[in-house]
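Presented below is the structure to which this report refers.
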Amino acid sequence: MYPQTKIMEPMDIRLPEIPDEADPTFSYRPIIVWAMNDVLDTSELERQLNAFKASGYGGVMVMPWGGLPYDFMCDEWLEFVRFILVTAQAVGLDIWLWDDWLFSSGPAGGKATENPAHRAKELQVTLNFIVEAGEPIHAVIPPRTLSARCFSVDKFGFPDGGYAEALPVSAGDTIQRVAEARTRIMTVGWAYRSGMQHTTRSHAEFLDPELDEVQCDIKTCEDAEVWSVDMMNPDAIAQYVELIHERYWQAVPEFFGNTLKGFFYDEPMVPTDRPWTQDFAARFRELKGYDLCDHLIAVMAERHPPVDPATADYRDVWTSLVAETFYRTIQTWCHAHGVMAAGHQIGDNSLHEILSTGGHFFKNMRFADVPGVDSAGGWGGRIEPGLFLDFPRLPGSSASVHGHPRAMSESFAVYGHGTDLNHMRYVCEHQLMRGVNTFFCKLSNYNREKSYYFHPPELSDHNPIIQRFGTCFGDRIETVARLISEGTPAGPLLAVYVPSANYYACDDTIGDRLTALAEALTYSQVEFVYLIDPDILNLSRPSCDGLAGSSVAGPLISRTGSSYSHMVIPAGAVIPSDVRAALDAFEPGVVCDLATATVADVVAAYRGHGGRLVESTSINVPVSMRSRTAEEGVQHCMLLNESCAAQRVILRVASRVTVCDVDLDPGLVHPALERGEDGTLTIELAPSESRVLRATAVDKPVAPSNDNRGVAEVVTLAQWSVTTPDGEEHPLQNKLADWCTLGFGGFTGVMRYRCEFVWESGATRAVLALGDVCYAATVLLDGRRIGDCVFAPFKVTLADLSKGMHVLEVDVLNTPANAIYGDDETLAERRAEKVFKGTYAFLYEPQDISKLRSGLFGPVTLSTA
């Protein structure tokens, strides 16, 4: 019935390179998403751009947002965009442009879908009824019918293998006959279909005092005048590009490829899992070799494995058409105009969503210069210590496989007013460990007060924690991203096969198996990427010259130069014949099939490959690891504790290698790392803490530590006082209290803690550990500013300590959540003002309320170690 066809993927597609005059590089510093939500003023635009630069950002993404009063892509809007580009160029900020009049990308604010032919379409069952033997059949074929069948069925209504007949499909045809057996009559056709589309109009309805909470509920509120675009229709996507991208090109061409880095698409959406387009049947026949309309009845059946083979082929084809029609069109246009295509699809927060209503993730991101995901505060994308999530490895893998230096994340959307910089640091570093190194931070409102409660956090200098410590965050992310992104992997990676065929066949369990595998590998400190079918078919083996006598086979090499020591096949993977043949051609031991091997076998095989100067020996410890070779003989190794408890990792270090900590935070000096008699290093990590180690090859073996450093002197500082906003100083009597207990639960700002202590040690340097801090602090010693403590483990080095009395002062800042929720009166007042009406509060409010604890909690210690 079905020809022998292999799974279709975009494989050997050659796209135009970014022109030489364009600059494809940009800063590793975070990029702020700038929500334009009011009448714009050039002086205020200039002020905010300078403030973004001063707050530590390296770039800005300009986004039309609810409340923007200008018509779609009008001249006035484009003049403001020009002003932003001119000012950003002078300030030294990169600019990115949001590629629609809100989201999902594609309808061009509704202009591209005014033509019904450009609207999304879906398959639907238009007739479906059963008649008993001897009863008359009377049916009129509905409009837009693609397939019509009558067939005999059993008592459950399922085909019984007996009578079956194709019926005419012309609209209006009448079917009249007497049923010879129990018979089902079904017709399948198509209809226009849209998902929720948000525009600057619908995202402003919460501002209308005439609308009540039900009328502007963000869970149901959208722009009823805008249809989803047909992402498989080349004409529709060409018009979308003409209305958005070409319009910007005509307005500001001189900025393309320099100040203007690229376009950002957001959540392009196929609003159904049974999409259709007008020439789908012809394109399907061309790719698969048979007529899909003969099998549409089976395609429309319930999606429970095993599915009809035509269903798998249908899902294969529509996901490929989406990738090549929408994403490829955008990237091709961007390359022709010297800019990059970046962004993320809808449905990208788990390994269950490799195939979703966004399409096939890896097919889509094949056509992204900066592939991405969305780490939002709802819908499964919120990253927290203690929660294993591996979806950031999806764009990291795509970038690695296709030779792109950057992968991105839209991060922090709806994380809430209680978002703090240590959590933001963890979210970014969690994704950095998986290959994401570009962060679009959502968001900053142009008019901060107008939309303050709509979609927090507000990540501009309007937020005290950004105003005071934003540069700390920008510096940290830039430093870490550069250290573990540049250079090359310190050794061959592991490759994990993602079997597209399982997703095409509606195998809901494959996501669970891949997630369990990913967690086991990640927490054995294994570095790996995900590969799909065409990636495997493009692997090659290097020449084995020089490997004679070696027990270790040479790595697998991708066409972009990435190397993999082993290929891991998850249990239950459905593997197409051509991919199976490619796997069988690899040397024995290279392919680890978990149908017979264990994860422990995989980890042992991975660790048997050389190249890494530092390698973990730990198993099942919730710490991730990433290593890069910075230059010959120098590697950087990053460790991240992904749990809420302290963790310990044992590292094996080559004998002719020295290892030291990289100082990620100014003001903190790490002691030298000493290895044990067995040549290992024990690395201790506080909850959510990260450390970057620098390993350097030397000429002579490094001797183990004699452990003659002596016992560290540790002093606990317990006698504290705090000055509250009313100017009163309160002794804390050996207990560091929450501000709520001091009567200031609704206060957002700085409180100063003070402690006098006598330093009796002969050491002139000590590490101050503040312990638990909510949420950032500045340390002063004897009136002299020492540094900021913004990130776990909240430590800073005190230098030039002399014996005698000293005064330690710690200024602690909390988050805006306290001013909103901190006491019953405040919250009642906010609700009375209806500031939460029509906002995303249903997502962020529970998180905010959990972050109201404020202050310095310790224990605070001084240590000479």
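Here, each number is a calculation from the coordinates, and none is a lab measurement. Predicted model only: the values in this text are computed from it and were never measured. In this analysis, Cβ positions are derived from the backbone assuming ideal geometry, glycine residues included, and neighbour counts consider all displayed protein chains.
Which residue, chosen from Gln719, Ser411, Cys334, occupies the Cα position most advanced towards the positive end of the dipole of the chain, where the dipole is computed from +1 (Lys, Arg) and -1 (Asp, Glu) charges on Cβ about the Cα centre? It is Gln719.
Take every pair of alpha-carbon atoms less than 8 Å apart whose residues are at least six positions apart; their mean separation over the length of region 759-865 yields a relative contact order of 40 percent. With a Förster radius of 22 Å applied to the C-beta separation of Asp508 and Val574, the computed FRET efficiency comes to 0.95. The alpha carbon convex hull volume per residue for region 383-496 rounds to 116 Å³.
Across the chain, the volume of the C-alpha convex hull divided among the residues equals 192 Å³ per residue. Along its three principal directions, the equivalent ellipsoid of region 173-296 from the Cα gyration tensor extends over semi-axes of 40, 27, 11 Å, largest first. Working value for region 237-389: equivalent-ellipsoid semi-axes of 31, 23, 11 Å, each the square root of 5 times a Cα gyration tensor eigenvalue, largest first. Here's the list of lysines a cross-link from Lys288 could span, going by alpha-carbon distance under 17 Å and ignoring same-chain residues fewer than 8 apart: Lys6. In the structure shown, do any of Lys700/Lys803; Lys53/Lys851; Lys111/Lys261; Lys442/Lys834; Lys803/Lys851; Lys121/Lys442 have a Cα-Cα gap over 30 Å, and if so which? From the list (Lys700/Lys803; Lys53/Lys851; Lys111/Lys261; Lys442/Lys834; Lys803/Lys851; Lys121/Lys442), the Cα-Cα distance tops 30 Å for Lys700/Lys803; Lys803/Lys851; Lys121/Lys442. Please work out the Cα center distance from region 23-95 to region 383-434, rounded to the nearest Å. Between the Cα centre of region 23-95 and that of region 383-434, the gap is 24 Å.
Rg/Rh for region 755-865 stands at 1.17; both radii use Cα atoms, and Rh follows the Kirkwood definition. Each listed q (0.15, 0.23, 0.26, 0.32 Å⁻¹) maps to a log10 I(q)/I(0) for region 586-631 from the Debye sum over equal C-alpha point scatterers, namely -0.52, -1.00, -1.11, -1.26.
Over the C-alpha trace of region 60-163, radius of gyration and Dmax come out as 26.9, 83 angstrom. Compactness check for region 623-743: Cα Rg over 2.2 N^0.38 Å is 1.48. The value given for region 425-490 is a Kirkwood hydrodynamic radius of 13.4 Å, derived from the mean inverse Cα-Cα separation.
Taking the Cα atoms of region 290-380, the ratio Rg/Rh between the radius of gyration and the Kirkwood radius comes to 1.06.
Each distinct pair of alpha carbons in region 656-815 adds a 1/r term; the inverse of their mean, the Kirkwood radius, is 18.1 Å.
Between the alpha-carbon centres of region 123-141 and region 193-240 there is a gap of 37 Å. Under 5 Å from the amide H of Lys121 lie the amide H atoms of Arg193, Trp276, each residue being 5 or more positions distant or on a separate chain, with H modelled from the backbone and absent for Pro and chain starts.
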